[in-house]
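Student: Structure incoming, see below.
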Amino acid sequence: MRLLIMGPQGVGKGTQAALLAEHYNIPAISTGDIFRYNIKNKTPLGLEALKYTDKGELVPDELTNKIVKDRLAQDDAKNGWILDGYPRNAAQVEALDAILAELGTPLDKVVALDADHDVLMERIAKRAKIEGRSDDTPEAIAKRLETYAKETAPLLGIYRDRGQLVEVDGVGEIKEISANIIAKLDA
């Protein structure tokens, strides 16, 4: 099973990706984790990414695409994966299509989690307190949610048109949400 998991920050993508990975016995792949791994291990791609992150800049799509392609080509991803945090814009959708065509591994489904804006703000604020994340200020949270709504949410229409979109309410008990996703994927 090859899945994308999409939704605004704070909707529970990471939590659900981990549960789905365990259920389907495939790796959950977060683009943030891929970047941190490559930077920490000083891989050529990581050193290239560091040039941008050190300046507080976003890593350009071209480099992000290379890092994703490299990760999806690894042995543990041969039988499937769940990709979290990518694609974030229309250009990355095209790049992912090309990567998957080149690897001969078509995308199966796109899980879209959603929750009310106030619920997301509350969850992220709670996470910030628990994890001590300085980047989770109310202003920063609002900006990230706005960016998601403007740049990433419209991508769901692409996957809806392709018949690959599975929409799930991200509010409720974690295990119930997971069971709902699995039921829809296995239907």
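Student: Can you spot a residue in the stretch 81-91 that is over 23 Å from residue 15 (Cα atoms), within 16 Å of the chain's Cα centre (by Cα) and of a type in the set (Gly, Ala, Ser)? Walk me through how you get there before you give the answer.
Tutor: The first filter runs over the stretch 81-91 and keeps only residues over 23 Å from residue 15 (Cα atoms), leaving 90-91.
This time we only want the ones that are within 16 Å of the chain's Cα centre (by Cα), so: 90-91.
When the remaining residues are screened for being of a type in the set (Gly, Ala, Ser), the result is 90-91.
The answer is yes; a qualifying residue exists.
Student: Name every residue in the stretch 131-166 that is at pLDDT 95 or above and surrounded by 16 or more Cβ atoms within 10 Å (Cβ to Cβ), in order of residue number.
Tutor: 155, 156, 158, 159, 164, 165, 166
Student: I've got another one for you. Assess whether residue 66 counts as being over 23 Å from residue 124 (Cβ atoms) and in a loop (DSSP other than H, G, I, E, B). Outline the logic, then answer.
Tutor: Numbers: over 23 Å from residue 124 (Cβ atoms): yes; in a loop (DSSP other than H, G, I, E, B): no.
No: the conditions fail for residue 66.
Student: Taking the options 181, 141, 177, 158, name whichever one is assigned to a helix (DSSP H, G or I) and touching a strand residue (DSSP E or B) at 6+ places or on another chain (Cβ under 6 Å). Talk me through it step by step, then tell me what you get.
Tutor: Numbers: 141 fails: touching a strand residue (DSSP E or B) at 6+ places or on another chain (Cβ under 6 Å); 177 fails: touching a strand residue (DSSP E or B) at 6+ places or on another chain (Cβ under 6 Å); 158 fails: touching a strand residue (DSSP E or B) at 6+ places or on another chain (Cβ under 6 Å).
Unique residue meeting the criteria: 181.
Student: For the stretch 146-174, what are the residues that are among the charged types (D, E, K, R), free of Cβ contacts under 8 Å to residues at least 40 places away in the same chain and within 18 Å of residue 115 (Cβ to Cβ)?
Tutor: Residues satisfying the conditions are 146, 150, 173.
Student: Please count how many residues of the stretch 52-76 are among the charged types (D, E, K, R) and touching a strand residue (DSSP E or B) at 6+ places or on another chain (Cβ under 7 Å). Can you show your working first?
Tutor: Taking the stretch 52-76 and keeping what is among the charged types (D, E, K, R), we get 54-55, 57, 61-62, 66, 69-71, 75-76.
If we keep only those that are touching a strand residue (DSSP E or B) at 6+ places or on another chain (Cβ under 7 Å) too, we end up with 71.
So the answer is 1.
Student: Still on this structure: How many of the residues in the stretch 77-98 are closer than 18 Å to residue 32 by Cβ, out of contact with any strand residue (DSSP E or B) (no Cβ under 7 Å at 6 or more places or on another chain) and part of a loop (DSSP other than H, G, I, E, B)?
Tutor: Looking only at that region, the number is 4.
Student: Scan the stretch 73-84 and give yes if some residue there is exposed (fewer than 15 other Cβ atoms within 10 Å of the Cβ), farther than 21 Å from residue 28 by Cα and free of Cβ contacts under 8 Å to residues at least 24 places away in the same chain, otherwise no.
Tutor: As a first pass, look at the stretch 73-84 and keep what is exposed (fewer than 15 other Cβ atoms within 10 Å of the Cβ): 73-76, 78-79.
Within this subset, residues satisfying the condition of being farther than 21 Å from residue 28 by Cα are none.
Checked against the condition, which is being exposed (fewer than 15 other Cβ atoms within 10 Å of the Cβ), farther than 21 Å from residue 28 by Cα and free of Cβ contacts under 8 Å to residues at least 24 places away in the same chain, the stretch 73-84 yields no hits at all.
Student: Residues of the stretch 14-26 being surrounded by 18 or more Cβ atoms within 10 Å (Cβ to Cβ) and either free of Cβ contacts under 8 Å to residues at least 24 places away in the same chain or part of a loop (DSSP other than H, G, I, E, B) (or both), which ones?
Tutor: 26, the sole residue that qualifies.
Student: Using the structure shown, decide if residue 11 is part of a helix (DSSP H, G or I) and aliphatic (A, V, I, L, M).
Tutor: Here the answer is no, as residue 11 does not meet what is asked.
The values are calculated or read from the model by the stated rules, or taken from the named source; none is laboratory data. It should be emphasised that the depicted structure is a prediction, and the values quoted were computed from it without experimental measurement. Please note: Cβ atoms are built from the backbone with ideal geometry, for glycine as well, and neighbour counts cover all protein chains shown.
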